[in-house]
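All of the numbers you see were taken from the coordinates with simple rules; none came from a lab. Note that the structure is a prediction, hence the values are computed from the model and not measured. Cβ placement follows ideal geometry from the backbone for every residue including glycine, while neighbour counts extend to all protein chains displayed.
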Amino acid sequence: MIDEERLAKNNRIREQCRQTREKRKSQICRVYCVKIDISNLNEAQKIHLKMLFVEAKWLYNDALTFTQKHDINDYDTSIQTVHGLDKDKQPVTHELEYLGSQMKQSVIQSIKHSLKGLAVLKNIII
């Protein structure tokens, strides 16, 4: 009886995956670039946007520091804290509260593109 239940469950999962693949064939990925009129934002929204920028900068710097000893592909984007230095060069740990996982992945992807571009330029110059 347990084998029959497991097989039935696997068939339901298989069918659901097939339906999802069919549905995604007709979907189109779109990206919209928008400008934000900051005068129409309330204070909480302004703080949120500012902190997104600051946390992305912290993450970028932390990932660059990581690449000094490791490969950028090994960087874990699911981290919630990053390490950096304050103005007096003292180590500081920052919590990432505003930055979502997709944004973290995008920051790491931009570093990969920058490194690849630098490598190409280095080969052209030399």
_Helix axis angle, 43-66 relative to the chain longest principal axis, alpha carbon, degrees_ = 90
*In straight Cα distance, which lysines are under 30 Å from residue 116, not counting same-chain residues fewer than 8 positions off?*
35, 50, 57, 69, 89, 104
*Label-to-label distance, nm, for residues given as residue 30 and residue 74 (7 Å Cα→Cβ offset)*: 4.2
*Kindly express, to the nearest 10 degrees and within the range 0 to 90, the angle between helix 101-125's C-alpha long axis and the longest C-alpha principal axis of the chain.*
60
*asked:* Checking a compactness column here: for the chain, what do you get for Rg(Cα) / (2.2 N^0.38 Å), N being the number of residues?
replied: 1.58
